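A short worksheet on the structure shown next.
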Amino acid sequence: MSLTEKIAADLISAMKSKETVALEALRAAKTAFLLAKSEKGPDAVLTAEEELKIIQRLVKQRRESAEIYREQNRPDLYEREVAEADVLEKYLPAKMSDEELTTAVRAIIERTGAKSLADMGKVMGIAVKELAGKADGKDISAKVKQLLG
């Protein structure tokens, strides 16, 4: 079952159980999937990687919005954004632990032969592709800087 199909099924169950937060989050995901498909063409099918990127983007948008609402002292909107992000995060693979991330980045550094921060772009290009969905880009970047620096 693809992520699109799973979200569609969960959307129906959220409608039946009247879970408004889950309903809004899943509707946003379904809309994002439909927009991505329509951009590719009438017979387009999203790959699992594309679906994950869309969910990651939606979670990131909600987390950023929540921060803004928190700074503006709007707890009602803050809580809603966090709740929607939590609903969508359930569809992402489990995040890597710090040790797992360190091990993965070290392996990429050895494979590419990177020696200093000047080689960071080369390492980041591979790391972001290989660790997509498993680690946040910000965390990957920080780990690469730490290990190369």
### Query
If you put +1 on each Lys and Arg Cβ and -1 on each Asp and Glu Cβ, how big is the dipole of the chain around its Cα centre, in Debye rounded to 20?
260
### Values of log10 I(q)/I(0), in the order q = 0.15 Å⁻¹, for segment 3-89 under a Debye, Cα-only, solvent-free model
-0.58
### Query
Considering the values (1) 10, 41, 41, 8, 0; (2) 10, 40, 36, 13, 1; (3) 10, 31, 29, 22, 6, 1, which represents P(r) over Cα pairs in 10 Å bins from 0, in percent as calculated for the structure under consideration?
(3)
### Query
What pairs from Lys6/Lys95; Lys30/Lys129; Lys30/Lys145; Lys30/Lys60; Lys18/Lys138; Lys37/Lys60 go past 28 Å between their alpha carbons?
Lys30/Lys145; Lys18/Lys138
### Task
For segment 1-108, state which trypsin sites (Lys or Arg not before Pro) are in a DSSP loop and have at most 12 other beta carbons lying within 10 Å of their beta carbon.
Lys18, Lys90
### Task
May I ask you to list, by number, the DSSP H helices of the chain whose Cα span along the axis is at least 18 Å and whose average Kyte-Doolittle hydropathy reaches -1.0 or more?
3-17, 20-40, 75-89, 98-112
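No lab work stands behind these numbers, since they all come straight from the coordinates. Since the structure is predicted, the reported quantities are computational estimates derived from the model, not experimental observations. Virtual Cβ from ideal backbone geometry, glycine too; neighbours counted across all protein chains shown.
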